[in-house]
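To start, the structure under review is shown below, and the notes come after it.
The values are calculated or read from the model by the stated rules, or taken from the named source; none is laboratory data. Everything quoted here is computed from the prediction, not taken from an experiment. Heads up: the accessible areas ignore ligands, DNA and RNA and are worked out on the full protein's heavy atoms, side chains in. Shrake-Rupley method; radii C 1.70, N 1.55, O 1.52, S 1.80 Å.
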Amino acid sequence: MSLRFPDPRQRAAIAAAAKNAGVSMQDYILSAAFERATAVEATFLEHFDASMTRSHEAFAAEPSGIDPRPEQRAAEQEARRSLGHHGQGHAA
C-alpha cells in the first residue's frame, strides 16, 4: 500500500497517532477505514430497521383506518357499474 500524503502535517499527525497506538501507519489507516465503514454500516442498518418498523406498523393498521368510508366505496362501485354499461362491447 502506497502511503502518500500531499500535506506533510497530515502525514506527521497520522504517524504520531500510529506510534501512540503501537501499530504501523498502514495498520492504523486500515483500522481507521474499517471503523469508519462499520460505523456507516451500523447507521444504515439502524435507519433501515426503523423504516421496516414504520412499514410494518402501516400494514398492520386496523383495516377501518385505511379502508375508504362506506359512502366513498359506494360511489366507487357506482362509478364502476356506470363505466361497465358504457364500455360494453370493448375488450377489458
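Can you confirm whether the range 35-51 contains a residue that is modelled with pLDDT under 85 and over 30 Å from L3 (Cα atoms)? Within the range 35-51, not a single residue is modelled with pLDDT under 85 and over 30 Å from L3 (Cα atoms).
Is it true that F44 is of a type in the set (F, W, Y) and open to solvent by less than 60 Å² (accessible area, probe 1.4 Å)? No: the conditions fail for F44.
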